[in-house]
1. Does residue 10 count as over 20 Å from residue 180 (Cβ atoms), within 16 Å of the chain's Cα centre (by Cα) and modelled with pLDDT under 95?
2. All but one of (1) closer than 30 Å to residue 147 by Cα; (2) in a loop (DSSP other than H, G, I, E, B) hold for residue 52; which doesn't?
3. Name every residue in region 1-11 that is open to solvent by less than 50 Å² (accessible area, probe 1.4 Å) and polar (S, T, N, Q), in order of residue number.
4. Quick check: anything in region 47-56 of a type in the set (Lys, Arg) and open to solvent by less than 40 Å² (accessible area, probe 1.4 Å)?
5. Got a number for residues in region 21-46 being of a type in the set (Lys, Arg) and part of a loop (DSSP other than H, G, I, E, B)?
6. Mind checking which strands (runs of 3 or more DSSP E) fall wholly inside region 93-181 and carry at least 2 residues that are closer than 25 Å to residue 46 by Cα, touching a residue at least 60 places away in the same chain (Cβ under 8 Å) and under 15 Å from the mean Cα position of the chain (by Cα)?
7. I'm trying to understand the selection: among the residues of region 17-45, which are under 16 Å from residue 68 (Cα atoms), exposed (fewer than 15 other Cβ atoms within 10 Å of the Cβ) and among the polar types (S, T, N, Q)?
Amino acid sequence: MTRQIALLRGINVGGNKKFPMARQRELMQALGYRDVTVYLQSGNVVFADPGTPPERTARAIEDRIAADMGFPVPVMVRTRDELAAVVTANPYPAAAAEPKTLHVVFLSDVPADTAPLDALDRAAYAPDEFRLIGRELYLHCPNGLGRSKLAEKILGMRLGVTVTARNWNTVTRLLALADAV
């Protein structure tokens, strides 16, 4: 069995797409996953899988949510090792001391066209900064995500992929949960 982490996008936000934690756990267990742990209401699920490729796992979860809950929810899945690599690759290690200022934007795939990101005038958004590494975009916002014009710009971009963001606390906690079993 391998540990995988499902990141559900856009649930339990502003009263929309209500999907209680207990129901998330039940759904994952009904799909045959073991050792299911749901972390926070925002759609973070750690579970054991017999080795299904993450892309197939994501599709299976999306299909089951749509059938059971009646609304679509994009899902991204990373293996425990992929999430560990995300933590190791952090280009802003000093920001980890203040984890609410550091976010990882998980992408469903590597963007085919990074021109919108490349065209950003990084100096205009200082002190905020970002770095795209594979299927993750690291976003450091020293004054907070809610005040960040850079975060607003990046999260609103059309990169041709689905995205969902997690703060550094959540990312490292998910890795710890994946390592706990």
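1. Numbers: over 20 Å from residue 180 (Cβ atoms): yes; within 16 Å of the chain's Cα centre (by Cα): yes; modelled with pLDDT under 95: yes.
Taking the combined requirement at face value, the residue satisfies it.
2. (1) is the only condition that residue 52 fails.
3. Going residue by residue through region 1-11, those that are open to solvent by less than 50 Å² (accessible area, probe 1.4 Å) are 3-8, 10-11.
4 - this is the single residue of region 1-11 that is open to solvent by less than 50 Å² (accessible area, probe 1.4 Å) and polar (S, T, N, Q).
4. Quick first cut of region 47-56, residues of a type in the set (Lys, Arg) only: 56.
This time we only want the ones that are open to solvent by less than 40 Å² (accessible area, probe 1.4 Å), so: none.
Among the residues of region 47-56, not one is of a type in the set (Lys, Arg) and open to solvent by less than 40 Å² (accessible area, probe 1.4 Å), which makes the answer no.
5. Total satisfying the criteria: 0.
6. Details: elements: 102-107, 129-133, 136-140, 163-167.
In region 93-181, the matching strands (runs of 3 or more DSSP E) lie at 102-107, 163-167.
7. 29
The values are calculated or read from the model by the stated rules, or taken from the named source; none is laboratory data. Here the structure is a predicted model, which is why all the values come from computation and not from measurement. Cβ atoms come from the backbone with ideal geometry, glycine included; neighbour counts cover every protein chain shown. These area figures cover heavy atoms from the full protein model, side chains too; ligands, DNA and RNA do not enter into them. Shrake-Rupley method; radii C 1.70, N 1.55, O 1.52, S 1.80 Å.
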